[in-house]
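Each remark here refers to the structure printed beneath this line.
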Amino acid sequence: MLSYLSKRLLSSLVLLALVTTLTFALVFGGADNVAQNILGDNATDQQIADLEAKLGIDRPLNEQYGTWVAKAVRGDLGMSWTMGESVSKILSGRLPVTLSMVVLAICIIGIVSALLGIVAAVRGGWADRVIQLISVVGFSLPNFWLGLILVVVFALNLRWLPATGYTDFLNSPTGWLASLALPVGALVLSGIASASQQVRGAMIDALRQDYVRTLRAGGIKPSSVLFRHALRNAMPAALTVLSLQFIGLLGGAAIIERVFAIPGLGSVTVQAALSGDIPVLMGVVVTMIILVVIVNIAIDLANAWVNPKVRL
Amino acid sequence: MSAASTTPAPASAPGRESIVRSVLTNPLGLVAALLLLLVIVAAVFAPLIAPFAADDLQIFKINAPPGDGYLLGGDGSGRDIFSRLVYGTQNTLVGALIALSVAAAIGVTAGLFAGYFGGRREVVMSWVADGLMALPALIVLLAFYQSLGSSIHVSMIIFGVMLSPGFYRLTRNLVNGVKHELYVDAARVSGLSDMRIIARHILLVIRAPVIIQVSIVAGISIVIQAGLEFLGLGDPAVPTWGGMLQDAFANMFVVPTAILWPGLAISVTVASFVLLANAIRDRLQQGDRVATAPKIPAPAPHPVGTAPNDAAVLLDVRELVVGYPTKSGWTEVVKGVSLQLRRGEVLGLVGESGSGKTQTAFAILGLLSTGGRILSGSIWFDGRDIANLPESEMQKLRGKRIAYVPQEPMSNLDPAFRIGFQLTEPMVTVLGISKAEAKARALKLLARVGMPDPVRTYNAYPHQISGGMAQRVLIARAISCKPDLLIADEPTTALDVTVQAEVLELMRDLQAEMNMSVVLVTHNFGVVADICHRVSVMRDGRVVETSAVQSLFADPQHDYTKLLLAAVLDDVTPRVYRPVQAKEVSA
């Protein structure tokens, strides 16, 4: 367990170091006209040079990187170039919004996919056809387009739900749910499309195992064979899919937050990308990698709990 | 497509034509192929098809409704939506092609090398692949946007790199699967170079799965590209589907319908790729699937005949026929088997592999594999015909009256649960006793079947005990509810020879102790001599001879029995005639 955690953390640190270095080199290396972008076309050369000196991007790349790393390991990700706040403050304000949306989405994906996948594996029939249909439709409809359609139908025409905006859970749980219903609805379809197929496959595999026949021969109830034995053995595959879904949702959130004007990590990423706010982008990359690492470790721990053969 | 550039197809590609043809005969595959053709035609001949140039604007047609020359209406700047859709295909397809080429070139090449050569290279490449897959692609593309510039095509190169792990894993797994096939070994032995083996033998195997992956990745690329353009990351001068969606979004409150067209274009194109992939996959999987199950014959009149007169007969199988559906109808694997088993008797069911003995056993348990059915005949168990009994009724018999010991002990215990749970669960379910009592009984049973440390075994997981111990656990579980009939399917075959003797000894003792009836499926005459009272010899789904054990060995009637005995006696003579040896070993 300890050796697993230390190994995992070590490889995560290597990943973090590699990706941030690469991102830094590419992003800062390509940041030729940042000052120009920020100041606009009318800026004089002197103004541009002053701003470059102020932001520190007139220094050699390796020097800038050294400063960034030295500060970052102490939790200081620098000041945003365009938003007038520290990166840490921006991220910590935005992260909970995105997380609450992604976590809600992953829960829905998990539950719906498990139900659909299990019914399809056991019964076939309509659930099988639903899964086949969803797998094509969910894959083909871009989530942001689905989001736009949901807005037109449920917000503009039916006026059931707000078209844009975000209500904090602590202020109003129902308002929170109402503000997230459409974005989460747009996010989950493609996730359900792939996860339900995986659950179906894993359940079919589990139900084909020898011990399932032997359990039935021993008079064990079908419900126990299905939900206790087969489901538990199908769980590792399903959990792995969910971890990949989580990564996909973090990216998908960027576009969906834009559609629904949700002040989360995704919309700040888009804003920073368009305006060339590099410290914010670096902060986002670091946050995302840490999130992914945490989720992967959690999935590994869950797998170890489900599958006694895995010893961490 | 681009995969073709990385996969030098063999000069003659048997099967390629047939894949194309069978995909086109699949209705969905045909529709998908036609739609894709349409998209490609639109991209190539855009200037001929589009009535207006992409950036022709007519100021009075801003957000205009369809009609008056603008087939689908005008956009937020007064440009023709239809013309821009047509021009948008070019950009979409080029972007998808770029991402696809990069992903396939990197992924397939790396996968081939990692799979074929393995070793440290594979470890490193797999680590890189895992790392790439751990990154949210869209976030990375956003982060790189400023340095990559506004050309969406450069972003698609990066996206191609991020998609390459999919190709890498697929190719590596496929190569790992085939590289030890005999024909690849043969090619190696005959002196072909590694490169030629990869080019000639391995690429042939991975071709179809890679084509499927190409379709999927093309779809993903189109969606992501549109997403980036929708966010405003593309070149505003180039007409794109994503950019059009952005424009429609900005004017959503004026003309909500304008969001339909670009989205439909994206969805239909992507769906075509997916359906094409599905059509190819269906064709690949056709081999092991029955397209349409044959008509199920009317169930045999039930019950068949009457219960046996003699109350001492526990099991009376009459003219049992078991079949499985295939393309050409029902294939019978048991073709009219009759067996009789008296109370307290051990009946050996002997025959070579595929003679139908296991299927007969499963039919008695009502646990035939998917699709299998009892087509005719009857199974009288304790005065009742249980052939084709409803599952709920059958479930009441299993465990309590009829129990089962399987052949392969390790795969027949659920790896996710402790032995203790797997032993007590049937007792709690079938006998309705409390968990505590079940535990007490389970520990006693474990001791009875010869576990040196019952508590430790009780708390162990299946992978922590040996095969012989696992088989004892399975026997303990089978007898835990005191069944009248035990069906043991080759209970010793998977075990070491010394352990075989011990397990057989245990079964004989338990049988005598509980006066159980046992059907023992085996191909081993040594086992038969050890434990059985009577023997039925099966061949090709039929019983060819049934007699008492002594008379079978002394005077086999059927030629096939003689043949089997002759084959066996040469090998294991000592085991057949010295059952005493078993006692010495276990003592």
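The values are calculated or read from the model by the stated rules, or taken from the named source; none is laboratory data. What you see is a predicted model; the values in this text were computed from it and never measured. A quick note on method: Cβ atoms are made from the backbone with ideal geometry, for glycine too, and the neighbour counts reach across all protein chains shown. For the accessible areas, the whole protein counts, side chains as well, though only heavy atoms, and no ligand, DNA or RNA atoms are used. Shrake-Rupley method; radii C 1.70, N 1.55, O 1.52, S 1.80 Å.
Miscellaneous remarks
- Total residues in segment B:121-177, condition without any contact (Cβ under 8 Å) to a residue 12 or more places away in the chain, charged (D, E, K, R) and crowded, with 24+ Cβ neighbours inside 10 Å: 0
- Restricting attention to segment B:237-251, the residues that are more than 7 Å from every other protein chain (Cβ to nearest Cβ) and in contact with a helix residue (DSSP H, G or I) (Cβ under 7 Å, 6 or more places away or on another chain) total 10.
- Within segment B:244-256, the set of residues being without any contact (Cβ under 8 Å) to a residue 60 or more places away in the chain and surrounded by fewer than 16 Cβ atoms within 10 Å (Cβ to Cβ) comprises just one member, B:253.
- Screening B:547, B:551, B:480, B:517 for residues that are farther than 30 Å from residue B:394 by Cβ and either modelled with pLDDT of 85 or more or in contact with a strand residue (DSSP E or B) (Cβ under 6 Å, 6 or more places away or on another chain) (or both) leaves exactly one candidate, B:547.
- Within segment B:238-286, tally of residues that are over 22 Å from residue B:34 (Cα atoms) and of a type in the set (Gly, Ala, Ser): 5
- Restricted to helices (runs of 4 or more DSSP H) entirely inside segment B:383-453, those with at least 3 residues that are among the small types (Gly, Ala, Ser) are B:435-448.
- Condition check for residue A:12: of a type outside the set (Asp, Glu), at pLDDT 85 or above and surrounded by 15 or more Cβ atoms within 10 Å (Cβ to Cβ): no
- Enumeration of residues in segment A:48-94 that are assigned to a helix (DSSP H, G or I) and among the aromatic types (Phe, Trp, Tyr): A:65, A:68
- Residue in segment A:89-97 that is under 24 Å from residue B:270 (Cα atoms), more than 14 Å from chain B (Cβ to nearest Cβ) and either open to solvent by 40 Å² or more (accessible area, probe 1.4 Å) or among the polar types (S, T, N, Q) (or both) present: no
- Within segment B:454-467, considering residues that are assigned to a helix (DSSP H, G or I), away from chain A (no Cβ under 12 Å) and in contact (Cβ under 8 Å) with a residue 40 or more places away in the chain, the one nearest to residue B:426 (Cα to Cα): B:458
- Residue in segment A:253-268 that is among the basic types (Lys, Arg) and not in a helix (DSSP H, G or I) present: no
- Exclusive hit being in a helix (DSSP H, G or I) and within 30 Å of residue B:174 (Cα to Cα), set B:120, B:84: B:120
- Restricting segment A:205-223 to residues that are more than 7 Å from every other protein chain (Cβ to nearest Cβ) and surrounded by fewer than 17 Cβ atoms within 10 Å (Cβ to Cβ) leaves a set whose member that is farthest from the chain's Cα centre (by Cα) is A:222.
- Wholly within segment B:150-269, helices (runs of 4 or more DSSP H) carrying at least 1 residues that are over 26 Å from residue B:125 (Cα atoms) and either polar (S, T, N, Q) or modelled with pLDDT of 90 or more (or both): B:203-230, B:241-250
- Matching residues, segment A:122-138, being closer than 22 Å to residue B:263 by Cα and open to solvent by 50 Å² or more (accessible area, probe 1.4 Å): A:132, A:133, A:137
- Selected residue [open to solvent by less than 70 Å² (accessible area, probe 1.4 Å), in a strand (DSSP E or B) and under 16 Å from residue B:345 (Cβ atoms)] from B:544, B:528, B:535: B:535
- Flag if residue A:276 is within 20 Å of residue A:96 (Cα to Cα), at the interface with chain B (Cβ under 10 Å from one of its Cβ atoms) and either open to solvent by 10 Å² or more (accessible area, probe 1.4 Å) or more than 17 Å from the chain's Cα centre (by Cα) (or both): no
- Of all residues making up segment B:37-60, the number that are of a type in the set (Phe, Trp, Tyr) and surrounded by 16 or more Cβ atoms within 10 Å (Cβ to Cβ): 1
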